[in-house]
1. For Gly151, enumerate residues with amide H under 5 Å from its amide H, sequence gap 5+ or separate chain, H modeled in the peptide plane.
2. Calculate log10 I(q)/I(0) of the stretch 194-285 for q = 0.16 Å⁻¹, where I(q) comes from the Debye formula with a single equal point scatterer on each Cα and nothing for solvent.
3. Diagonalise the Cα gyration tensor of the stretch 1-141 and give the resulting equivalent ellipsoid semi-axes, square root of 5 times each eigenvalue, largest first, whole Å.
4. Using θ = phi - 60° and the Karplus relation 6.51 cos²θ - 1.76 cosθ + 1.60, list the HN-Hα couplings for the stretch 377-386 in order, rounded to whole Hz, with x at every Gly or Pro.
5. Taking the Cα atoms of the stretch 73-135, what is the range of coordinates along each of the three principal axes, in descending order and whole Å?
6. How far apart, in nm, are the 7 Å Cα→Cβ label points at Met241 and Arg306?
7. Using θ = phi - 60° and the Karplus curve 6.51 cos²θ - 1.76 cosθ + 1.60, what whole-Hz ³J(HN,Hα) does each residue of the stretch 218-225 get, with Gly and Pro shown as x?
8. Can you give the Kirkwood hydrodynamic radius for the stretch 133-196, in Å, rounded to one decimal and based on Cα pairs?
Amino acid sequence: MSGPTGDLRITVDAAGLQRRIDELALISEAPAPVVTRVLFSEADQRGREYVRGAARDAGLALREDAVGNIFARWEGSEPGLPAVGSGSHTDAIPNAGRYDGVVGVLGAFEALAALRRAGFRPRRSLEVVMFTAEEPTRFGLGCLGSRLMAGTLPAARASALRDREGRSLDELRSAAGCTGSLESVRLAPGAYHSFIELHIEQGPVLEHKGIPIGIVERIAGPSSYRVTLHGEGGHAGAMLMPARHDALAAGAQIALAVERAASTSGSPDTVGTVGVFRVEPGAVNSVPFGAYLEIDLRDTRLDTRRRAYSRIRRAAAAACRRRGVRMEFEEINADPPAEGDPKTIESAERACARLGLASLRMVSRAYHDSLFMARVCPTTMVFIPCRNGWSHRPEEYASPAHIASGAEVLAHTMASLAA
Ligand code: GLV
Ligand code: MN
Ligand code: MN
C-alpha cells in the first residue's frame, strides 16, 4: 500500500493478547468459565484496575471521566487535531463469556502497542476508550458511558437512574471514585476524527461463510420497555377462576404478543425478547398480584419496529382489560439504527486487503457503544468470528488467530486514519 503507512510492518502479539484476555476473565463475580462483571461491582472495579494496568503497559496516558469511562491516549504529533478512537466495554452480563467487549479494549491496546513497535508516529492522537456500562444489567439501560458522551442521555436522567436495590448512579459512581458532574462527560464537538470498534460478531455469519473479518455498515436500533402489572392476589385454592385478576397470566400474554409481533413485522430483522419476568409474591399457592417484565425490541428499520411496538401495546392493553389487571408501560429507550461511515469502512477494507484478509460488509444486530459514537463522528466496527455465533454465555469463544487478525486490521485502519 502506498501512502504514509505504506511501509508499516505490524506484528500483533497474539499470545500476549490472549494471555491478557484470559487474565481479565478470571476477574469475575462467578467461578470460571463464567464471567460476570456488573457495573461498579467489586469485580467491575478490579476489572477496571486491570484495564488501567494494561493501558499503562501499552505506554498510553490515562484519563477518566465522571461516569468512569477510561480514556487511554497516544498523543499524536498534532495533538490539537481530532483523535482517532477505538474501544469497547469490559462489563459483562451475568453468566457471560470472556470476549464480548474485552476484545475491543485489550485488542485496541495491543493494536497501538504493535504500531509503536513498528515505529509508527501518529499525526492525530490515537485513543482507546473503555466505556462504562455498555450492558444494561444494573440500570436497565445499556451504553451509559457512550450515551452520555454523545449527549443523547441527559445528565439529569442519568442521575435519576436507580438499580433494583434503589441505589442511584450518582451514589454508585461516587463510591467507585468517579467525581465531577455528569454534564462534563459529553464530548466536545470534534473530539474524534473517527471511531472503529473491534468486537466479536456475536452471530454465526462470519463463521458460516469462513470469512475472518466483518465490517459493519449498519447497527440495528434497540428499544426497551418496562411493564408493571397490578392484579389481585389471593389463595390459589380458594379463589375461583372467574374472580381472578392474575398479573402473571396477563404478563404471559404480553410475552407471547412480543414474540408474535416481532415474528410478523414484515422485516426479518425485527427481534423481540422478554428477558426479565418477575412475579409477586412468587408462591406456588398464591395468585400472582404483580408482575414485572422488560421487553427488548430491535430492528434495522424503524418503520417495522414501530409497527411491532404498536401491536405489542394493543395486545397488552387488550389482555389487561380482559383480565382486570392494571398496566404501566414505560419506554426505557428507543434508539434509531446507526449507519457506518463509508470512508471509515473503506479504510478498514483497505487494511483487510493489505493483510490479505477477506472481509464482508455486515449489519450488527447487537448494539454497541458505536451506536452512540456514530452520532458524534464517522464510525464503523470490525467484527471477528466467534464459535457457533455464541455470545452472552460462558461458551463464547473466538480463536487467538482471529483476534490477532482483528487487532491487525484495527491497527492498520487507525494508522491510516491518523497519519
Ligand atoms: C449488547 O450487549 C446488546 O444487548 O446488544
Ligand atoms: Mn454484551
Ligand atoms: Mn459487547
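Throughout, read-outs are computed from the coordinates displayed, never taken from laboratory work. Nothing here was measured: the structure is a model prediction, and the numbers come from that model. Neighbour counts are summed over all protein chains in view; Cβ atoms, including those assigned to glycine, are modelled from backbone coordinates with ideal geometry.
1. Leu187
2. -0.86
3. 29, 17, 11
4. In residue order, the calculated couplings are 7, x, 9, 8, 10, 10, 9, 10, x, 10 Hz.
5. 43, 24, 10
6. Roughly 4.1 nm, to one decimal.
7. For the stretch 218-225, the Karplus-derived couplings read 7, 10, 4, x, x, 9, 8, 9 Hz, x marking Gly and Pro.
8. Computed over the stretch 133-196, the radius equals 12.5 Å.
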